[in-house]
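Before any comments, here is the structure.
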Amino acid sequence: MNILILGSGGREHSLAWATLQNPKCDRLIVAPGNAGIAAIAECADFDIMDGAVVAGFAEENAIDFVIIGPEAPLAAGVADHLRASGFLVFGPSQAAAALEASKAFTKEICVACDAPTAAYGHFTDAVAAKEYVRAQGAPIVVKADGLAAGKGVIIAETVTEAEAAIDDMFDGSFGEAGAEVVIEEFMTGEEASFFVLCDGDNVLPIGTAQDHKRVGDGDTGPNTGGMGAYSPAPVLSDEIAELALAQIVRPTMAEMTKRGMPYQGVLYVGLMIENGQPRLVEYNARFGDPECQVLMMRLGGQAFDLLHAAAEGRLADTAVNWADDHAITVVLAANGYPGPYEKGSKINGLGAMPEDSMNMVFHAGTAEKDGAIVAIGGRVLNVTARGSSLAQARARAYDMVDRIDWPEGFCRRDIGWRALD
Ligand code: AMP
Ligand code: GLY
């Protein structure tokens with residue numbers, strides 16, 4: 001098959017890496033890709049947000065299957081455009097991607113199907129939003145409704161802080177995303193992510209993971225896109241996963257189908273777990289980044305068959321071949337991230353890294369310049385390893401980290417602590 005993957009991060013590098021291990025893959029193109037992806041696949045540069053452009057490229061290159069990595073093209077309707085042009089696609093329609101693109105929509109679906117989640121209010125003006133906050137008290141969570149690249153959520157410790165966040169959102173600090181605001185009950189517990197493939201009728205769990213959102217060791221400092229992840233997440237036991245499927249995922253899928261917007265693709269189910277009960281924090285309409293990297297490390301070449309089965313509506317006859325293994329990924333970020341950081345610094349030592357089914361350095365924000373790998377993003381590398389225990393996987397990953405020569409970068413040294421300590 002000729003396969004096209006859309007995206008340019010560590011998530012897409014890991015999807016490409018897994019796809020290439022599958023004998024069904026004859027030709028792989030990634031658009032736009034990055035320096036790490038370019039080392040293993042063809043890269044093409046075109047506007048992945050424009051459905052007509054993507055369909056045109058797919059036509060010219062006789063593409064059999066398109067895998068959409070990031071949320072932005074999904075929310076822009078690129079999957080719909082491709083399907084209307086006759087292509088097989090992995091990723092939800094624009095309507096179904098609202099499970100990520102609109103927090104108010106997700107809450108409405110949860111209410112309609114009785115899925116456990118935080119109590120909430122949905123507001124289009126600041127006065128009513130502040131009234132609600134004063135009535136509820138703090139701590140309380142203020143969220144911009146739309147896509148805000150992970151920055152649209154404020155956990156307010158006080159009513160005053162919540163009111164300031166509401167003003168910021170309605171003043172346009174979050175652009176279009178903040179024109180509507182969702183205010184939620186603050187949930188306590190432990191967070192974990194559950195990844196489920198959906199084909200409109202059936203669901204197939206493909207793994208659990210835990211991310212580390214804060215920039216500093218011990219979960220300190222500002223929020224980031226994710227500084228590391230590991231899979232499986234012990235807190236998301238089989239029992240909790242069953243509850244999440246029965247009370248949250250399957251009812252949501254049924255409600256989507258009932259509304260004429262069946263969901264096909266991967267559903268990222270962000271859960272808060274307390275006293276043996278999962279509650280929904282959020283849905284994402286795509287794989288997590290860096291959670292995808294640990295899932296791909298564990299699934300290997302079969303990942304492609306699973307994605308293909310989801311796209312073809314064959315999940316009822318599909319099973320995951322589980323190994324009793326663990327994977328971890330450590331994010332190397334540019335000094336300064338998630339604040340301002342320099343671009344263009346040179347990364348040495350990557351050539352000597354092992355690249356096999358146990359060890360892989362996935363690239364996120366990299367480019368090739370004059371034969372060298374340079375950093376061009378905030379999160380730059382995802383140093384990923386697998387082992388028979390999490391401790392073994394972690395030792396392998398940090399061993400690689402320590403051999404990378406990049407003074408302009410840093411990482412957290414405690415990825416996996418919740419599961420190990
Ligand atoms: P979201 O983009 O909705 O996932 O929010 C980002 C992060 O904010 C989540 O991963 C949680 O850590 C936190 N968060 C969001 N909503 C809540 C809530 N209702 N209660 C507690 N924490 C939350
Ligand atoms: N790592 C969090 C996310 O992908 O949204």
Given charges at beta-carbon only (K, R positive; D, E negative), |dipole| of region 58-182 in Debye: 260 debye
Using alpha carbon centers only, region 139-187 is separated from region 324-354 by a whole-angstrom value of 30 Å
For region 112-173, the dipole about the Cα centre with charges only on Cβ (Lys and Arg +1, Asp and Glu -1), to the nearest 20 debye, works out at 140 debye
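If I take R0 = 41 Å and measure r between the Cβ atoms of ARG27 and ALA254 in this structure, what FRET efficiency does the formula 1/(1 + (r/R0)^6) give, to the nearest 0.05? It would help to have the intermediate numbers written out before the result.
Details: r = 38 Å, r/R0 = 0.91.
Taking R0 as 41 Å, the efficiency between ARG27 and ALA254 is 0.65.
What does the net charge come to around GLY387 if you take all other residues with beta carbon closer than 10 Å to its beta carbon, with K and R at +1 and D and E at -1? Spell out each step's value before the answer.
Numbers: positive: ARG386, ARG394, ARG396; negative: ASP325.
Neighbourhood net charge equals +2.
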How high is the relative contact order of the chain, in percent, with contacts defined as C-alpha pairs under 8 Å that are six or more residues apart? 17 percent
Using a basic spin-label model with each label point 7 Å from the Cα along Cα→Cβ, how many nm lie between ASP402 and MET353? 1.7 nm
Round to the nearest 0.05 the FRET efficiency obtained for GLU108 and ARG314 when R0 = 35 Å and r is the Cβ-Cβ distance. 0.70
Region 359-421 and region 287-303: distance between their alpha carbon centers, rounded to Å: 15 Å
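How large a share of the accessible area of the chain, in percent, is made up of carbon and sulfur atoms when the probe is 1.4 Å and the other protein chains stay in place? Kindly include the intermediate steps, with their values, before the conclusion.
Working: 7960 of 16350 Å².
Of all accessible area on the chain, carbon and sulfur atoms account for 49 percent.
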As I understand it, the dipole of region 276-421 uses +1 on the Cβ of Lys and Arg and -1 on the Cβ of Asp and Glu, about the Cα centre. Which of ASN359, LEU420, LEU295 lies farthest toward its positive end? LEU420
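Where only protein heavy atoms count, and the probe is 1.4 Å, what is the accessible area per residue for region 23-69 in Å²?
Values: 2000 Å² over 47 residues.
Averaged over the residues of region 23-69, the accessible area is 43 Å².
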Around SER193: net Lys/Arg minus Asp/Glu count, Cβ-Cβ under 9 Å: -3
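With +1 on each Lys and Arg Cβ and -1 on each Asp and Glu Cβ, and nothing else charged, work out how big the dipole of the chain is about its Cα centre, in Debye to the nearest 20.
Numbers: 30 positive and 58 negative charges, 103 e Å.
Charge dipole, the chain, about its Cα centre: 500 debye, nearest 20.
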Using each residue's phi in region 351-364, evaluate 6.51 cos²θ - 1.76 cosθ + 1.60 at θ = phi - 60° and report the 3J(HN,Hα) Karplus result to the nearest Hz, with x for Gly and Pro. x, 8, 6, x, 10, 8, 6, 10, 9, 7, 9, 8, 8, 10
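If you count only protein heavy atoms with a 1.4 Å probe, what accessible area per residue comes out for region 351-421, rounded to a whole Å²?
On the way: 3140 Å² over 71 residues.
Here the per-residue accessible area is 44 Å².
With a probe of 1.4 Å, find how much accessible area region 280-350 has per residue, and write the answer as a whole number in Å².
Values: 2540 Å² over 71 residues.
On a per-residue basis, 36 Å².
The values are calculated or read from the model by the stated rules, or taken from the named source; none is laboratory data. Quick caveat: nothing in here was measured; it's all calculated off a predicted structure. Positions of Cβ are generated from backbone atoms using ideal geometry, with glycine treated the same way; all protein chains shown enter the neighbour counts. Just the protein is used for accessible areas: all its heavy atoms, side chains included, with ligands, DNA and RNA removed. Shrake-Rupley method; radii C 1.70, N 1.55, O 1.52, S 1.80 Å.
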